[in-house]
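To start, the structure under review is shown below, and the notes come after it.
The values are calculated or read from the model by the stated rules, or taken from the named source; none is laboratory data. Everything quoted here is computed from the prediction, not taken from an experiment. Virtual Cβ from ideal backbone geometry, glycine too; neighbours counted across all protein chains shown.
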Amino acid sequence: MKTLDLKLLEDLRVAQIIDANLDRAREGLRVLEDWARFALERKDLVKSFKDYRQTLGKHHLKIYKESRNFNIDRCTGLSHPEQFKRNNANSIISSNAARVQEALRVIEEFSRDHNLNLSSISSKIRYEIYNLEIVLLKAHSNYSLLKILNENDLYFITHDTENLYEKIKNILEGGVKIIQLRFKKGKDSDNLKFAIKTRELCDKFGALLLINDRVDIALASQADGVHLGQNDMDLKSARNILGFSKIIGISASNEWDIKKAIEDGCDYLGIGPVFATETKKEKVPLGIDKLNSLTKEISIPWFAIGGIKQDNISLLKKNNINKVAIITDLIYSKNPKEKAMMIINSLADEN
């Protein structure tokens, strides 16, 4: 393996190419790192990108930097129309991932005969970026879904009833942006067809579709995620199947279950029952004081559930409980659209 002799014209050109591409790769990595840090708040991804930047920085040898001004780059300022189409986060992520990959490929080729260590490192990082790009894109998708969870206070959960599809449509027209489908009866094939149909409906209204219990139906229908009870599939197994681009919510009614769900990485919680409810007759109501005690240190979105109706929204609001999940008061309403609008307005009203 030879060493570079910067007195030789060819070696100067090679060193200049490596120098430029080390800068290019590190700049692209910094864009990806900052998105992971400030937009996604993913410490694991930030650490990976930072480690790659530092590693390349350590191998940015003086001999490469000394070649920087050897040959004037007469192509500076050239642009391409595609550069001006990066108008959203996904395109910025993908274009900078590609920038890093391309730069590393150049470094890998031109450093192979004189700096095998740098060539090997560039190859390794390049392949890692292929995977991390997918992780970033999926994480961004999850972030967009979580934005809907954070910005909307009314969460509708279905119940087996006649004309369910029309009622869901009415409730969406009333402004609800979070729908959970519960399948307690019927054939899986029929339930999947209904989920796919509801998925298309939710897309028209920019609403989330979550599936209760059934990870398989959520995956097959391309729903936005699942909601799991304490007796359903564990959260980590569901995450392995669905990945980080989907939302996973957990039902909880005590301190231990809440703590474990958060530690395992759930995206939101449904906590209750707050009041007595026909849906969960066997459950002892928590009451407002207990609910406040359980939720005082929760930093992720959570929804109060159980016996909640328009009539007791003001009581909940007085106790700083602002996000609710409702079943019967919406689904059995004579006018679900109007009822949804009234509840949303009640939740938005100042105490």
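Summary of computed values
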item: Matching entry among LYS339, LYS280 (being assigned by TED's automatic domain parsing to the domain that holds ASP160, of a type in the set (D, E, K, R) and within 19 Å of ASN231 (Cα to Cα)); result: LYS280
item: Neighbours by Cβ (under 7 Å, 6+ apart or cross-chain): first from segment 43-57, at pLDDT 95 or above and small (Gly, Ala, Ser); second surrounded by 14 or more Cβ atoms within 10 Å (Cβ to Cβ) and assigned to a helix (DSSP H, G or I); result: SER48/LEU132; GLY57/ARG26
item: Segment 179-194: number of residues that are loosely packed, with under 12 Cβ neighbours inside 10 Å and either over 22 Å from PRO336 (Cβ atoms) or outside the structural domain of LEU210 (by TED's automatic domain parsing) (or both); result: 3
item: Any chance LYS339 is crowded, with 21+ Cβ neighbours inside 10 Å, closer than 26 Å to GLU162 by Cβ and of a type in the set (Lys, Arg); result: yes
item: Among the residues listed as GLU297, GLU278, the single one being modelled with pLDDT under 95 and either buried (at least 16 other Cβ atoms within 10 Å of the Cβ) or under 29 Å from the mean Cα position of the chain (by Cα) (or both); result: GLU297
item: Elements of type helices (runs of 4 or more DSSP H) in segment 286-332, at least 2 residues being closer than 21 Å to ASN150 by Cβ, without any contact (Cβ under 8 Å) to a residue 40 or more places away in the chain and assigned by TED's automatic domain parsing to the domain that holds LYS177; result: 287-295, 313-318
item: Residue, farthest from ILE343 (Cα to Cα), within segment 159-172, restricted to residues that are out of contact with any Ser or Thr (no Cβ under 8 Å at 6 or more places or on another chain) and buried (at least 22 other Cβ atoms within 10 Å of the Cβ); result: LEU172
item: Positions within segment 261-278 being out of contact with any strand residue (DSSP E or B) (no Cβ under 8 Å at 6 or more places or on another chain) and more than 26 Å from SER237 (Cβ to Cβ), in sequence order; result: PHE275, ALA276, THR277, GLU278
item: Pairs, first under 17 Å from ASP329 (Cβ atoms) and assigned by TED's automatic domain parsing to the domain that holds VAL324 in segment 164-177, second of a type in the set (Ser, Thr, Tyr) and crowded, with 18+ Cβ neighbours inside 10 Å, C-beta under 7 Å, six or more apart; result: LEU164/THR158; ILE168/THR158; ILE168/THR198
item: Set ALA103, ALA139, ALA98: member being among the small types (Gly, Ala, Ser) and surrounded by fewer than 17 Cβ atoms within 10 Å (Cβ to Cβ); result: ALA98
item: Output for segment 58-90, where each listed residue is modelled with pLDDT of 90 or more and not in a loop (DSSP other than H, G, I, E, B); result: LYS58, LYS62, ILE63, TYR64, LYS65
item: Count of residues meeting criterion [within 19 Å of ILE125 (Cβ to Cβ) and not in a helix (DSSP H, G or I)] in segment 1-56; result: 1
item: Check on VAL226, more than 15 Å from LEU146 (Cβ to Cβ) and β-branched (Val, Ile, Thr); result: no
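This table checks each residue for (1) surrounded by 20 or more Cβ atoms within 10 Å (Cβ to Cβ); (2) within 21 Å of ALA139 (Cα to Cα).
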position	(1), (2)
ARG214	yes, no
LEU228	yes, yes
ASN231	no, no
LEU235	yes, yes
ILE241	no, yes
ILE250	yes, yes
